[in-house]
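J.: Okay, handing you the structure first.
The values are calculated or read from the model by the stated rules, or taken from the named source; none is laboratory data. Please read all numbers here as calculations on a predicted model, not as lab measurements. Ideal geometry is used to build each Cβ from the backbone, glycine not excepted, and the neighbour counts take in all protein chains shown. All accessible areas refer to the heavy atoms of the entire protein, side chains included, with ligands and DNA or RNA removed. Shrake-Rupley method; radii C 1.70, N 1.55, O 1.52, S 1.80 Å.
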Amino acid sequence: METQARGRVRVEDGPKRVRVMFGGEVLADTTRVKLVWEKPSYPTYYVPAADVRTDVLVDTGETNHSPSRGDAKLHTIKVGDREAVAAAWWYEDSPIDGTIRFQWDAMDAWFEEDEEVYVHPRDPHSRVDVLQSSRHVRVEVDGVTVAESRQPRLLFETGLPTRYYLPKTDVRLDLLTPTEHHTQCPYKGTASYYSLEVNGTTYDNFVWWYQHPALESVKVAGSVAFYNEKVDLYVDGELQARPRTPFS
């Protein structure tokens, strides 16, 4: 995998076949995708224009300027009765010229090889490991022990604090209420949430679990986790410092 410096943005050649679906059509199909780190935490796909159905792109006459990526011409995608306004950004004269960036949420589906990808592209430098442990884990909220286990599964994910997934039999389920909230992760799948009620206070969407996690995280199926950032977490009797993350 080749890494290139493009001003202040990091660019790599991706080794996977990537396809983009919209309106029942394959909008893009490439084995030459560019991974562009617009954000530090994960990359964005940029597809060579030669691998895109450019006949369904309509120039809006507008541009978007980035100091590191240059100017992109904004195009609306029209397929049958469907359209995605300004959802294709075509870089024709920039450090990443000849590529098109699609707005992720405006597309119907994304595939790496033959597997659908959710939320955002997977970072090739990120890793998820799930390990069975016999550490003694206790979770306390407002002075109340809400979970305690000697059979946690520890999830190690690049760039995030260790997450402690506990069997539901070791959790105060009488304090939990299911919510309608769900989130998705390209490495773990779709998470469902519980609110927690302790001492008359309700903590919304405070606990999560995966019923059918992605393959690399399948060992946490059915177990629940608490935000280290928001609880008093004891591991082998030692209170853990609360990490500072976007979830704090």
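J.: In the chain, how does Rg compare with the Kirkwood Rh, expressed as the Rg/Rh ratio over alpha carbon atoms?
T.: On the way: Rg = 21.7 Å, Rh = 20.4 Å.
A ratio of 1.06.
J.: If R₀ is 22 angstrom, what is the calculated FRET efficiency for the pair Thr158 and Val235, using the beta carbon separation as r and rounding to 0.05?
T.: On the way: r = 20 Å, r/R0 = 0.92.
Here the calculated transfer efficiency is 0.60.
J.: Find how many whole Å separate the alpha carbon centroid of region 86-157 from the alpha carbon centroid of region 182-248.
T.: Going from one Cα centre to the other spans 14 Å.
J.: Further, regarding this structure: Quick one: what are the phi-derived ³J(HN,Hα) couplings along region 229-240, Karplus 6.51/-1.76/1.60 with θ = phi - 60°, whole Hz, x for glycine and proline?
T.: These are the phi-based 3J(HN,Hα) values: 5, 10, 10, 8, 10, 10, 10, 6, x, 9, 5, 8 Hz.
J.: May I ask for the net charge around Gln103, where only other residues with Cβ less than 13 Å from the Cβ of Gln103 are counted and Lys, Arg are +1 while Asp, Glu are -1? Don't skip to the answer; put the middle values down first.
T.: On the way: positive: Arg101; negative: Glu38, Glu83, Asp105, Asp108.
Value of the local net charge: -3.
J.: With a 1.4 Å probe and every protein chain left in place, work out the accessible area per residue of region 1-96 in Å², rounded to a whole number.
T.: Values: 4970 Å² over 96 residues.
Value for region 1-96: 52 Å² per residue.
J.: What residue among Val139, Val235, Val11 shows peak mean-square fluctuation when the chain is described by a Gaussian network model with Cα springs under 10 Å?
T.: Highest fluctuation of the listed residues: Val235.
J.: What does the charge count around Asp232 come to, taking other residues whose C-beta lies under 14 Å from its C-beta (Lys +1, Arg +1, Asp -1, Glu -1)? Let's see the in-between values first.
T.: On the way: positive: Arg138, Lys230, Arg242; negative: Glu140, Asp142, Glu148, Glu229, Glu238.
Computed value for this residue: -2.
J.: Still on this structure, please answer the following. Given contacts defined as C-alpha pairs under 8 Å and at least six residues apart, what's the relative contact order of the chain, whole-number percent? Provide the component values of the computation, followed by the final result.
T.: Working: 567 pairs, mean separation 30.4, N = 248.
Relative contact order for the chain comes out at 12 percent.
J.: For region 105-135, which GluC sites (Glu not before Pro) pass both filters: DSSP loop (anything but H, G, I, E, B) and at most 12 other C-beta atoms within 10 Å?
T.: Details: sites: Glu112, Glu113, Glu115, Glu116; in loops: Glu113.
Answer in residue order: Glu113.
J.: Which order do peptides 45-56, 177-188 fall in by mean Cβ count within 10 Å, highest first? Show your work: numbers first, answer last.
T.: Numbers: 45-56: 17.9, 177-188: 14.6.
For the peptides 45-56, 177-188, the packing ranking is 45-56, 177-188.
J.: Determine ³J(HN,Hα), in whole Hz, for all residues of region 147-163 in sequence, where each value follows from phi through the Karplus function 6.51 cos²θ - 1.76 cosθ + 1.60 and θ = phi - 60°; x replaces Gly and Pro.
T.: Going residue by residue, I get 7, 7, 8, 10, 9, x, 10, 9, 9, 9, 10, 3, x, 10, x, 4, 9 Hz, with x marking Gly and Pro.
J.: In addition: Within region 1-70, which GluC sites (Glu not before Pro) sit in a loop by DSSP and count at most 12 neighbouring Cβ atoms inside 10 Å?
T.: On the way: sites: Glu2, Glu12, Glu25, Glu38, Glu62; in loops: Glu2, Glu38.
Loop-located and lightly packed - Glu2.
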